[in-house]
Amino acid sequence: MGIHLRTGPPTDEGIYVGSEAQIAEIRVGARHRRLPGPLGTGAWEMETIRRTNNSHRRLYFQEVSAPIIEDAVIRVHENIDIPCHRATQAQLQLLEATFLLVPPSHLQLVKERKPEGFLLSDTTGRGSSRSYMGGLNPGVNYPSTPNYDETRLIIITYGALWENRGLGICPTVLHEIGHVMTHRGKIHYRYFPEDRRTELEGTRVSRNPGRLEALCNAYMYMLCYGSTDPGVHNYGATPASNQKDPLTRRCLRRCPAFSNLPPAWKDRFNER
């Protein structure tokens, strides 16, 4: 564990950085300006986004200087290396704690489908869908970021990490891993009864209206439910909703992502 300057391949679990941190300007978003940011509650800047239907959406952010590590590798579960880009040491530690909640076989699929790992960014999306919060599994490579091929990584905003710093993990990361797990049917609505499937498909959980959003939220809450940390466990279990109740957990246990886990990992997700 801990932060290590990477002079060769990682040999133990921990965070390995490829170079010293460099001070850079980043933007940390918030869902509304009543929340405290890195500069407090009175320093939010506002940006207005025009939607395609000519309505407007307000975005809030604070611009701060931060010691950014361009490239790092987080090794978890003894031998799984996850590349992470443009994070501070504190953010890398938050990511490490989050990855430890994810079964090794799930992270292996992430490495296969998103081999360049995780990129921290001011925003996700483009145009009217741009946001300073949340995360994204991009389907296109952005020409504005020539150093990265976004189709080969997952984007997480600085705002999402800041928002969950008190929880000690970043649920947004788990949600985005859930989108990876929908491939090959690792998690799938076919394992849900029709009424719950219809209910989840119609549940709006974010600015994205996709039918898989609530399923990926359910996956996110399930991993939190399996945590030994009381705060993270409670985040995954209460208050009751259709994404984190016993029925949804029972259905997720039937999905290959959970039914094929080794016994020790299966036990983590048993009903308590």
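The values are calculated or read from the model by the stated rules, or taken from the named source; none is laboratory data. Values in this document were obtained by computation on a predicted structure and should not be read as measured data. We place every Cβ from the backbone using ideal geometry, glycine too, and count neighbours over all the protein chains shown.
Things to note:
- Test: residue in the stretch 169-188 that is touching a residue at least 12 places away in the same chain (Cβ under 8 Å), in contact with a Cys (Cβ under 9 Å, 6 or more places away or on another chain), among the charged types (D, E, K, R) and surrounded by 12 or more Cβ atoms within 10 Å (Cβ to Cβ): yes
- Qualifying residue in the stretch 109-124 (condition: basic (Lys, Arg), in contact with a strand residue (DSSP E or B) (Cβ under 8 Å, 6 or more places away or on another chain), under 22 Å from Pro171 (Cβ atoms) and surrounded by 20 or more Cβ atoms within 10 Å (Cβ to Cβ)): yes
- The stretch 33-54, residues that are over 30 Å from Tyr16 (Cβ atoms) and either within 20 Å of the chain's Cα centre (by Cα) or assigned to a strand (DSSP E or B) (or both): Gly40, Glu45, Met46, Glu47, Thr48, Ile49, Arg50
- Qualifying residues in the stretch 189-227 (those that are closer than 27 Å to Leu59 by Cα and either in the same structural domain as Thr124 (by TED's automatic domain parsing) or small (Gly, Ala, Ser) (or both)) - the one surrounded by the most Cβ atoms within 10 Å (Cβ to Cβ): Ala218
- Strands (runs of 3 or more DSSP E) fully within the stretch 55-170 counting 2 or more residues that are among the small types (Gly, Ala, Ser): 56-76
- From the list Ala97, Ala160, Ala87, the one residue that fits, being surrounded by 23 or more Cβ atoms within 10 Å (Cβ to Cβ) and either closer than 22 Å to Tyr221 by Cα or not assigned by TED's automatic domain parsing to the domain that holds Thr41 (or both), is Ala160.
- Of the criteria (1) over 30 Å from Val64 (Cα atoms); (2) modelled with pLDDT of 95 or more; (3) among the small types (Gly, Ala, Ser), which one Gly202 fails: (2)
- Selection status of Thr248, touching a Lys or Arg at 6+ places or on another chain (Cβ under 9 Å), of a type in the set (Ser, Thr, Tyr) and closer than 24 Å to Asn137 by Cβ: yes
- Residues that are of a type in the set (A, V, I, L, M) and surrounded by fewer than 16 Cβ atoms within 10 Å (Cβ to Cβ) were ranked within the stretch 228-250; the one that is nearest to Asp267 (Cα to Cα) is Leu247.
- Selection count, the stretch 8-25, where residues are outside any loop (DSSP other than H, G, I, E, B) and either surrounded by fewer than 10 Cβ atoms within 10 Å (Cβ to Cβ) or touching a helix residue (DSSP H, G or I) at 6+ places or on another chain (Cβ under 7 Å) (or both): 2
- Where helices (runs of 4 or more DSSP H) fall entirely within the stretch 205-272, those with at least 3 residues that are charged (D, E, K, R) are at 246-254, 263-268.
- Residues located in the stretch 18-66, provided they are hydroxyl-bearing (Ser, Thr, Tyr) and either within 13 Å of Arg130 (Cα to Cα) or modelled with pLDDT under 95 (or both): Ser19, Thr41, Thr48, Thr52, Ser55, Tyr60
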